[in-house]
Amino acid sequence: MTIIKQRAVSAKIHAKHLRAYINDERALMRDVQNIARREAWFKEMDETREVAGHNTAARKGAKNTVMYHQVLAFLPEECDVNGGRLTPELCMVYAKEYAQTRYPNQQIVFALHRERCKEDGIERYAVHMAINRTDLETLKRLDEGTGAKAKRERAAAVRALDERWCLQQVEEGKPNSRIHRQQPRDVEKKMLEQGKTPIKTALRDACHRALRKARDMDEYRAMLDAEGISTRICRGKLYATDRSNEKYEFSLPRLDNRFNSNLLRACFARNNGDPAVQRINVTIDGAIAKGGEREERVARARAEYLALAKERYKAYVKRVKPMEGRTLAEIPEFRLPRPSKEILDKETNLRVLEYARKAKSLRAELASDVVRKKKSGGTGGRHVRATTPTRAPEIERAPDRRNGER
């Protein structure tokens, strides 16, 4: 089973480290969901939270979670670096399918890394996701209930996805991955250090080479026979013997967990045409076919609404610019008619949020009672942040009066 982990991001230093890891040049692939500016994803998420009021805690004194850091870590034996079927592209498709299932209205950025185990050097793929807290459809904070409940639901979603993708499921009482336990040990390690190839290592490598090409069991056994390996099937298990050393016979599933019957069938199916990719293509083709006239009507209504929003924003700018110098309360807020749920998709919400952010910034710039403070480490006032005053202005004391006199 694919492993799913999550950590809430509330500290600024945690958010900074997450941004650096997502943007790390060593990432094999990156992708986004509901993000308009890919290179400025961190800033765009911050602006979305600012408009929705989610950059401050809902309760006084509480920690404010701004985003979630989730990791989908794939089992080593499922990844192509260890002879499995998951390529980096398929891992990213899997992660995006998971995100659409669990968080269709969230802004998400994905980064796929190739990770290595420190103990034995085994590699695997892992997709790291930064999930923004603001729901673009409701403009409310993401709330999955209690931590235990959310953890169970995430695991159930991954388990269902693994089943659809024909990935290995975790068996009760057994470790998640046995590939680590099947690495060369003791005698094998010493032989490898001396430049000698152990029998098990040579047999394992030959079985993997054949498995990358074989399309069924008969072809697989024929390819092994050509490599000098005899095979037999007993009680549903495949046994192999290297004819150069017939003293030892090995059960393939015990030699390497990637040779169990379910994974062998999955590899044969992959060599005949990847079932997961075919399933995804069929789903996409079906969605396109079902769209038809309804999609055209919705797209037309969405375009009309965005054109209306653009005109309303232009009119708002013309209306409030002459009000420069008035108080913040006197300058009206930017309002738009609420669209129907049918046309309110993520892209439309992003455009509307952009107009709202610009209008809010303009209103603060024009108001006379909004104090603009430079950020620490600023560059000569080029970047300012508008804040409302927190106390009344001080009253000048008459020069002929002493302190304490009324």
Check: Would you say ASP80 is without any contact (Cβ under 8 Å) to a residue 12 or more places away in the chain, farther than 24 Å from GLU163 by Cβ and surrounded by fewer than 23 Cβ atoms within 10 Å (Cβ to Cβ)?
Finding: no
Check: If you check ALA111, ALA62, which single one turns out to be surrounded by fewer than 19 Cβ atoms within 10 Å (Cβ to Cβ) and either touching a Gly at 6+ places or on another chain (Cβ under 6 Å) or of a type in the set (A, V, I, L, M) (or both)?
Finding: ALA62
Check: When segment 56-103 is examined, which residues are found to be closer than 16 Å to ALA27 by Cβ and not in a helix (DSSP H, G or I)?
Finding: HIS69, GLN70, VAL71, LEU72, ALA73, PHE74, CYS79, THR87
Next item on the list: Quick one: count up the residues across segment 1-23 that are within 27 Å of CYS79 (Cβ to Cβ) and of a type outside the set (Val, Ile, Thr).
Entry: 10
Note to self: Would you confirm whether or not segment 19-32 contains a residue that is of a type in the set (Asp, Glu) and part of a strand (DSSP E or B)?
What the structure shows: yes
Next item on the list: Could you pull out the residue among VAL93, VAL109 that is β-branched (Val, Ile, Thr) and farther than 21 Å from ARG7 by Cα?
Entry: VAL93
Next item on the list: Could you please tell me which pairs satisfy a Cβ distance under 9 Å, a separation of 6+ or placement on different chains, a first residue in segment 113-129 that is over 24 Å from ARG19 (Cα atoms) and among the β-branched types (Val, Ile, Thr), and a second residue that is at pLDDT below 85 and part of a loop (DSSP other than H, G, I, E, B)?
Entry: ILE122/SER177; ILE122/ILE179; ILE122/GLN183
Notebook entry, point to check: Of the residues ARG326, ARG297, which is surrounded by 12 or more Cβ atoms within 10 Å (Cβ to Cβ), assigned to a loop (DSSP other than H, G, I, E, B) and either among the basic types (Lys, Arg) or modelled with pLDDT under 85 (or both)?
Noted result: ARG326
Notebook entry, point to check: Out of ALA20, ALA57, ALA111, which single residue is in contact with a His (Cβ under 9 Å, 6 or more places away or on another chain) and of a type in the set (Gly, Ala, Ser)?
Noted result: ALA111
Margin query: Being of a type outside the set (A, V, I, L, M) and either at pLDDT 90 or above or surrounded by 10 or more Cβ atoms within 10 Å (Cβ to Cβ) (or both) is the filter here; which residues of segment 222-240 pass it?
Written below: ASP225, GLU227, GLY228, SER230, THR231, ARG232, LYS237, TYR239
Notebook entry, point to check: For segment 20-57, how many residues meet the condition of being surrounded by 14 or more Cβ atoms within 10 Å (Cβ to Cβ), more than 23 Å from ASN349 (Cα to Cα) and aliphatic (A, V, I, L, M)?
Noted result: 4
Check: In this structure, is THR101 modelled with pLDDT under 90 and within 30 Å of VAL51 (Cβ to Cβ)?
Finding: no
Notebook entry, point to check: Which residues, taken from segment 123-143, are under 25 Å from GLU47 (Cα atoms) and either in contact with a strand residue (DSSP E or B) (Cβ under 9 Å, 6 or more places away or on another chain) or part of a helix (DSSP H, G or I) (or both)?
Noted result: VAL127, HIS128, MET129, ALA130, ILE131, ASN132, ARG133, THR134, ASP135, LYS140, ARG141, LEU142
Item checked: Residue among GLU25, GLU44, GLU50, GLU89 that is out of contact with any Leu (no Cβ under 8 Å at 6 or more places or on another chain) and without any contact (Cβ under 8 Å) to a residue 40 or more places away in the chain -> GLU25
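The values are calculated or read from the model by the stated rules, or taken from the named source; none is laboratory data. This structure is a prediction, so every number in the text was calculated from the model and none was measured. Cβ atoms come from the backbone with ideal geometry, glycine included; neighbour counts cover every protein chain shown.
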